[in-house]
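Just below is one structure, and these are the notes that go with it.
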Number of protein chains: 2
Amino acid sequence: MAYELTVEDLRDLATGAAVLGTGGGGDPLVGRLLVQQALATGHRVRVLEVDELDDDAVVVASAMMGAPTVVLEKLPRGDEGVRALRGLEEQLGRRADAVIPMECGGLNSMVPLLVAALTGLPVVDGDGMGRAFPELQMETFGVYGVSASPLAMADEHGHLAVVDTGTDNAATEWFARGLTIRMGGASYIAEYPMSGADVKRTAIAGTLRLGMLIGRTLREAATGHADPFDALTRALRATPYQHGRVLFRGKVADVERRITDGFTAGRAVLADVEGGADMEVVFRNENVLATVAGEVVAIVPDLICLLDSETGMPVTTDAVRYGMRVTAYGISTPAIMRTPEALAVFGPRCFGLDHDWVPLEQLAPV
Amino acid sequence: MAYELTVEDLRDLATGAAVLGTGGGGDPLVGRLLVQQALATGHRVRVLEVDELDDDAVVVASAMMGAPTVVLEKLPRGDEGVRALRGLEEQLGRRADAVIPMECGGLNSMVPLLVAALTGLPVVDGDGMGRAFPELQMETFGVYGVSASPLAMADEHGHLAVVDTGTDNAATEWFARGLTIRMGGASYIAEYPMSGADVKRTAIAGTLRLGMLIGRTLREAATGHADPFDALTRALRATPYQHGRVLFRGKVADVERRITDGFTAGRAVLADVEGGADMEVVFRNENVLATVAGEVVAIVPDLICLLDSETGMPVTTDAVRYGMRVTAYGISTPAIMRTPEALAVFGPRCFGLDHDWVPLEQLAPV
């Protein structure tokens, strides 16, 4: 059933989206403040379930593109996402009936809510990544045949660009990335125009609700002095993600971080607090591989979250520092993200890893 | 009066356009061959004088963007310019009535002719640069108030991009350059959509005819064993460019050439064959400054052409080599390129030169 988001929902969603960001995706803070401001000035964010969509509705994915750290210095004006949407509508010759998040992890959990608030369009509860991923073509929309093109992009100066690469979504990413760099490292996009029927077929449903659930669970665990990880595992059981578990409890012993081709790449070493073998977490914006003594413990597209061992609050790739006590927490992905077609687009080898994917729940706990 | 171009016209134009390229703009060869092929297969290129345009005609500037040397390796498919035009028409919601060259110097003298041949649209005899310049905003169209935006861009893979930066033509250049780099270094664009009345007000008229005149003059001088420079000076007198003269006869004693920010920058030193002081020619893709013993002899936007001392054939910035006997030949620019507004967009300081512009005809001959 359709419902409206409250300010409390936004707070929980910000926490949950940071968990789903798996180290990347950026801090939802700036986005949350903009949506809160919109709510405070009388705007509303109405959420539609995927199955409430008309099959012939026009749905457009909405997101920020670029380096989330840039957003902290180059603050958005606020209407960039709306202007990208309007630019895409112009290109399509049709108005959108709803927006859908491109990515439920990190800052991009908030960007489509702002567009929904400012335009009055409903936002669909679902997305194309089911977590955070670094590139535009890494979306279930594209995996199952929706074209990222045409894509419209706006910046804070009122500039607009449209990219149309037919069915080649990697080319959309390539050109859009180039434009984003020239827009100062962050831009706002409207992409993957599709029908309601396409959304039902290709979206990961319910990820907005999932984000809020994760956030609420961690908040309530903190209030009730409960173990946040146990609470999280219990909460996830009733979602399409199903399996969540602690992979490792450690103390950050080493961090290697470098900016390569516009990505934050590197690895963190967690020392076992009980004196066992170390865990190594490899990241490429997001955490993509966790190993202990060379054995794979969790691997992309399954989620590898580094959470504060005390509070369960997420720690990003950028923020992870020597000495922090963090718990590596794994979350399995829903079936739609685990098909051969999906793994060809965002499986381990798409991140340069020389491993095949093995489902989290089949990997031995440490 | 409107007329049709012949294969002979194309040959002369290729030579003349290389002269007007002032060292840059690229070799018209590939473009000429494509237009010749179009003529051979029954297409026609109809030329309209600027004053024959209806005031409310829709006119679109057509060009290749990027490094002309790339075109020699990454050959165009041939229809890129047409697809850029169609993409822009889609954006405008109107069909074009004519195309106009963006730049009459170098390879871009040919690109709009190919678009005209393939679409059946007339090409307007005029352009926005009156020579070759390295950047999109360096056009009289923009100097006198026409927006470069929306600009449409196509590559040989069928990809299309549209850039709309409102009235900020430097931003159009910035984003279009980024896209061109990601298209492999060369793209085909349709830009500066304008009315026939805009063309009459802002274009440099007659530059296609001028290119053909220069080419024919050099060809006839070669055939008749006449001095090509005297012939050129006589021929230019009856054109809006008026003044042309030999600046220096020399032998290339030194060339410094480096690729900086996507431009070929550097200088050539010409030793005086009669033992006087050397000439230094500074280039930034195009030749932009000629000095002798520190005294300015010619400066952008006036044309500084290095021509083979024997034949008068143009020598490009890329091709100039130690030991070549070249004649530096200066050509003054028409009044529309010499206003304060024009000099603010393509005067000496826009090329990083610490000189004010002085008209060629006011500078003392060496």
If only one of A:M138, A:M153 is more than 9 Å from chain B (Cβ to nearest Cβ), at pLDDT 95 or above and out of contact with any strand residue (DSSP E or B) (no Cβ under 9 Å at 6 or more places or on another chain), which one is it? A:M138
Segment B:158-202 - residue that is more than 9 Å from every other protein chain (Cβ to nearest Cβ) and touching a Phe, Trp or Tyr at 6+ places or on another chain (Cβ under 7 Å) and, of those, surrounded by the most Cβ atoms within 10 Å (Cβ to Cβ): B:Y192
Evaluate segment A:27-36: report whether one residue or more is more than 30 Å from A:R284 (Cα to Cα), of a type in the set (S, T, N, Q) and free of Cβ contacts under 8 Å to residues at least 12 places away in the same chain. no
Only one of A:L39, A:L92 that is within 30 Å of A:L307 (Cβ to Cβ) and of a type outside the set (K, R): A:L39
So which residues in segment A:237-296 are among the aliphatic types (A, V, I, L, M), under 23 Å from A:D27 (Cα atoms) and outside any strand (DSSP E or B)? none
Would you please list the contacts, defined by Cβ atoms under 8 Å and residues six or more apart or on different chains, that run from a residue in segment A:44-62 that is part of a helix (DSSP H, G or I) to a residue that is of a type in the set (V, I, T)? A:V50/A:V124; A:V50/A:V199
Those residues that are part of a helix (DSSP H, G or I) and not acidic (D, E), I need them from segment A:197-213; list them, please. A:A197, A:V199, A:K200, A:R201, A:T202, A:T207, A:L208, A:R209, A:L210, A:G211, A:M212, A:L213
Among the candidates A:T239, A:T264, which residue alone is in contact (Cβ under 8 Å) with a residue 24 or more places away in the chain, touching a helix residue (DSSP H, G or I) at 6+ places or on another chain (Cβ under 6 Å), of a type in the set (S, T, Y) and not assigned by TED's automatic domain parsing to the domain that holds A:E103? A:T239
What's the number of the condition B:D318 fails, among (1) among the charged types (D, E, K, R); (2) closer than 23 Å to B:C104 by Cβ; (3) outside any loop (DSSP other than H, G, I, E, B)? (3)
First in segment A:272-298 and on the phi < 0 side of the Ramachandran plot, second anywhere and surrounded by 14 or more Cβ atoms within 10 Å (Cβ to Cβ) and among the aromatic types (F, W, Y), Cβ under 6 Å, 6 or more apart: A:M279/A:F248; A:R284/A:F263; A:R284/A:F351; A:V288/A:F351
Go through (1) closer than 23 Å to A:M138 by Cα; (2) touching a helix residue (DSSP H, G or I) at 6+ places or on another chain (Cβ under 8 Å); (3) not in a helix (DSSP H, G or I) for A:M1 and report which single condition fails. (1)
Tell me which of these B:R46 doesn't satisfy, since it passes every other one: (1) under 30 Å from A:E89 (Cβ atoms); (2) touching a Phe, Trp or Tyr at 6+ places or on another chain (Cβ under 8 Å). (1)
Sort out which residues of segment A:1-45 are of a type in the set (G, A, S) and surrounded by fewer than 16 Cβ atoms within 10 Å (Cβ to Cβ), and write them in order of number. A:A2, A:A40, A:G42
Could you go through segment A:111-125 and let me know if any residue there is touching a Lys or Arg at 6+ places or on another chain (Cβ under 9 Å), within 14 Å of chain B (Cβ to nearest Cβ) and of a type in the set (D, E). no
Consider A:V246 against the criteria (1) more than 18 Å from A:V19 (Cα to Cα); (2) buried (at least 16 other Cβ atoms within 10 Å of the Cβ); (3) of a type in the set (V, I, T): it satisfies all of them except one. Which criterion is unmet? (1)
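Conditions tested, residue by residue: (1) buried (at least 24 other Cβ atoms within 10 Å of the Cβ); (2) of a type in the set (V, I, T).
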site	(1), (2)
B:V60	yes, yes
B:M64	yes, no
B:T69	no, yes
B:L92	no, no
B:I100	yes, yes
B:G105	yes, no
B:N108	yes, no
Could you please find all residues in segment B:298-310 being within 12 Å of B:Y329 (Cα to Cα) and surrounded by fewer than 24 Cβ atoms within 10 Å (Cβ to Cβ)? B:L307, B:D308, B:S309
Being surrounded by fewer than 21 Cβ atoms within 10 Å (Cβ to Cβ) and either more than 14 Å from chain A (Cβ to nearest Cβ) or at pLDDT below 95 (or both) is the filter here; which residues of segment B:72-89 pass it? B:L72, B:E73, B:K74, B:L75, B:P76, B:R77, B:G78, B:D79
Test A:A319 against the stated conditions and say whether it is outside the structural domain of A:D12 (by TED's automatic domain parsing), of a type in the set (A, V, I, L, M, F, W, C), at pLDDT below 95 and loosely packed, with under 15 Cβ neighbours inside 10 Å. yes
A:C350 passes all but one of (1) more than 19 Å from A:G23 (Cα to Cα); (2) assigned to a helix (DSSP H, G or I); (3) modelled with pLDDT of 95 or more; which number fails? (1)
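The values are calculated or read from the model by the stated rules, or taken from the named source; none is laboratory data. None of the values given here were measured: they were computed from a predicted structure. Counting neighbours? That spans all protein chains shown, and the Cβs are built from the backbone with ideal geometry, glycine included.
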